[in-house]
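> Following this message is one structure expressed as structure tokens.
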Amino acid sequence: MIEIIRVKDYETMSLYAARLVAAQVRLVPDSVLGLATGSTPLGMYRELVRQHREEGLDFSQVTTINLDEYCGLPGTHEQSYRYYMDSNFFSKINIDPDLTFIPDGMTTDIDACCEMYDELIDFLGGTDIQVLGVGENGHIAFNEPHDYCFTAQTHKAELTENTIEVNSRFFDDPAETPHFAISMGMRGIMSSKCILMLISGARKADAVYGLLRGEVTPRCPVSILQLHPNVKLIVTDDAFVKIKD
Ligand code: GLP
């Protein structure tokens with residue numbers, strides 16, 4: 001079941017998203033939040049930081065689990081997702097750093113790291129809200145398009161050329177863009193009680209189509225959300241152009 005909230009622009013999307021996350025944290029102070037990186041949720045994080053500073057939004061009992069991390073980047077690397085989360089969000093709110101979980105991109109035992117991540121998700125009972133962005137090719141976390149299967153478990157993902165090219169814009173030397181990542185699988189994402197999907201920009205119009213009108217297929221990973229009972233899609237008008245009703 002996908003509830004569609006259409007908004008005019010990125011700022012409005014970010015504000016609505018932050019309000020939903022803030023409401024969750026106010027109602028259930030020890031919530032487990034599933035968090036995402038990328039340019040899409042930056043405005044939401046900014047608004048949550050503002051609410052923390054100006055309205056006393058309290059994260060002291062919150063636990064967070066992130067979707068993914070690049071293989072080979074330490075948390076001190078400016079393009080690692082750990083660095084992104086620390087600098088854009090965690091360092092600006094009163095969260096307990098020990099309760100912020102992101103896969104370790106420098107692990108020497110990827111299989112054990114992935115297994116532990118899934119055990120952690122199970123131990124926490126899944127996330128209360130999972131914030132999600134989407135790649136231009138329909139990937140969620142780093143679950144890339146695949147010909148015949150979705151991957152359930154947390155796993156080492158090989159990034160597609162499109163994803164590497166799109167994400168290389170953040171790297172000083174584009175050739176440094178990692179080709180592999182550790183990604184939460186579909187089971188971890190789909191076990192969330194509520195998916196908060198944020199999509200903005202004309203480049204994401206095909207992904208919106210795949211999410212709302214396409215068949216459920218691993219060729220368009222975001223389409224799996226059609227099977228989730230509680231998805232809130234906040235989408236800007238420019239990303240909605242391929243949906244006619
Ligand atoms: C990366 C992340 C995804 C994110 C996607 C879109 O590949 N692994 O979680 O949704 O980028 O990024 P952006 O929001 O910058 O378009």
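A short reminder: the numbers here are calculations on the coordinates, not readings from a lab. Treat the numbers as computed from the prediction; the structure is a model and nothing was measured. No Cβ is skipped: glycine too gets one built from the backbone with ideal geometry, and neighbour counts run over all protein chains shown.
> Tally up the residues in segment 232-245 that are among the aliphatic types (A, V, I, L, M) and buried (at least 21 other Cβ atoms within 10 Å of the Cβ), please.
We begin by selecting, within segment 232-245, every residue among the aliphatic types (A, V, I, L, M); these are 233-235, 239, 241, 243.
When the remaining residues are screened for being buried (at least 21 other Cβ atoms within 10 Å of the Cβ), the result is 233-235, 239.
Residues in segment 232-245 being among the aliphatic types (A, V, I, L, M) and buried (at least 21 other Cβ atoms within 10 Å of the Cβ): 4 in total.
> Moving on to the next point. Kindly indicate the residue of segment 80-123 that is among the hydroxyl-bearing types (Ser, Thr, Tyr) and assigned to a helix (DSSP H, G or I) and also nearest to the chain's Cα centre (by Cα) among those meeting that condition.
TYR81
> If only one of ASP118, ASP122, ASP111 is buried (at least 17 other Cβ atoms within 10 Å of the Cβ), acidic (Asp, Glu) and out of contact with any strand residue (DSSP E or B) (no Cβ under 6 Å at 6 or more places or on another chain), which one is it?
When all the criteria are applied, what remains is ASP118.
> So is GLU136 within 12 Å of the ligand (Cβ to nearest atom), closer than 30 Å to ARG203 by Cα and out of contact with any strand residue (DSSP E or B) (no Cβ under 9 Å at 6 or more places or on another chain) or not? Working first, answer last.
On the way: within 12 Å of the ligand (Cβ to nearest atom): yes; closer than 30 Å to ARG203 by Cα: yes; out of contact with any strand residue (DSSP E or B) (no Cβ under 9 Å at 6 or more places or on another chain): yes.
Against the criterion (within 12 Å of the ligand (Cβ to nearest atom), closer than 30 Å to ARG203 by Cα and out of contact with any strand residue (DSSP E or B) (no Cβ under 9 Å at 6 or more places or on another chain)), GLU136 qualifies.
> Would you pick out the residues in segment 169-185 that are surrounded by 14 or more Cβ atoms within 10 Å (Cβ to Cβ), touching a helix residue (DSSP H, G or I) at 6+ places or on another chain (Cβ under 7 Å) and more than 30 Å from GLN24 (Cβ to Cβ)?
Once the filter is applied, which keeps residues that are surrounded by 14 or more Cβ atoms within 10 Å (Cβ to Cβ), touching a helix residue (DSSP H, G or I) at 6+ places or on another chain (Cβ under 7 Å) and more than 30 Å from GLN24 (Cβ to Cβ), segment 169-185 yields THR177, HIS179.
> Right, another one. How many residues does segment 138-157 hold that are among the charged types (D, E, K, R), surrounded by fewer than 18 Cβ atoms within 10 Å (Cβ to Cβ) and part of a loop (DSSP other than H, G, I, E, B)?
1
> Right, next: Is it true that ARG6 is surrounded by fewer than 16 Cβ atoms within 10 Å (Cβ to Cβ), under 22 Å from ASP238 (Cα atoms) and in contact (Cβ under 8 Å) with a residue 12 or more places away in the chain?
Criteria met by ARG6.
> I would also like to ask the following. Filtering segment 186-222 down to residues that are in contact with a strand residue (DSSP E or B) (Cβ under 6 Å, 6 or more places away or on another chain) and of a type in the set (Gly, Ala, Ser), which residue is surrounded by the fewest Cβ atoms within 10 Å (Cβ to Cβ)?
Of everything passing the filter in segment 186-222, GLY214 is surrounded by the fewest Cβ atoms within 10 Å (Cβ to Cβ).
> State which residue is nearest to ASP109 (Cα to Cα) when the search covers only segment 26-58 and only residues that are more than 16 Å from the ligand (Cβ to nearest atom) and crowded, with 22+ Cβ neighbours inside 10 Å.
Here the answer is VAL32.
> Shifting gears a bit: Filter segment 162-191 down to residues that are outside any loop (DSSP other than H, G, I, E, B), within 13 Å of the ligand (Cβ to nearest atom) and either of a type in the set (D, E, K, R) or more than 23 Å from THR217 (Cα to Cα) (or both), then give me how many there are.
Count: 5.
> Tell me, which residue of segment 192-219 that is within 24 Å of PRO103 (Cα to Cα) and not β-branched (Val, Ile, Thr) is nearest to the ligand (Cβ to nearest atom)?
LEU198
> Checking GLY126 against (1) in a loop (DSSP other than H, G, I, E, B); (2) within 15 Å of the ligand (Cβ to nearest atom); (3) not aliphatic (A, V, I, L, M), which test does it fail?
In the conditions (1) in a loop (DSSP other than H, G, I, E, B); (2) within 15 Å of the ligand (Cβ to nearest atom); (3) not aliphatic (A, V, I, L, M), GLY126 misses (2) alone.
> Moving to a separate point now. Go through the residues of segment 61-75 one by one and say whether even a single one is part of a helix (DSSP H, G or I) and either more than 20 Å from GLY185 (Cα to Cα) or within 16 Å of the ligand (Cβ to nearest atom) (or both).
Quick first cut of segment 61-75, residues part of a helix (DSSP H, G or I) only: none.
No, every residue in segment 61-75 fails to be part of a helix (DSSP H, G or I) and either more than 20 Å from GLY185 (Cα to Cα) or within 16 Å of the ligand (Cβ to nearest atom) (or both).
> For LEU132, state whether it is within 19 Å of the chain's Cα centre (by Cα), of a type in the set (A, V, I, L, M) and within 27 Å of GLU11 (Cβ to Cβ).
Here the answer is yes, as LEU132 does meet what is asked.
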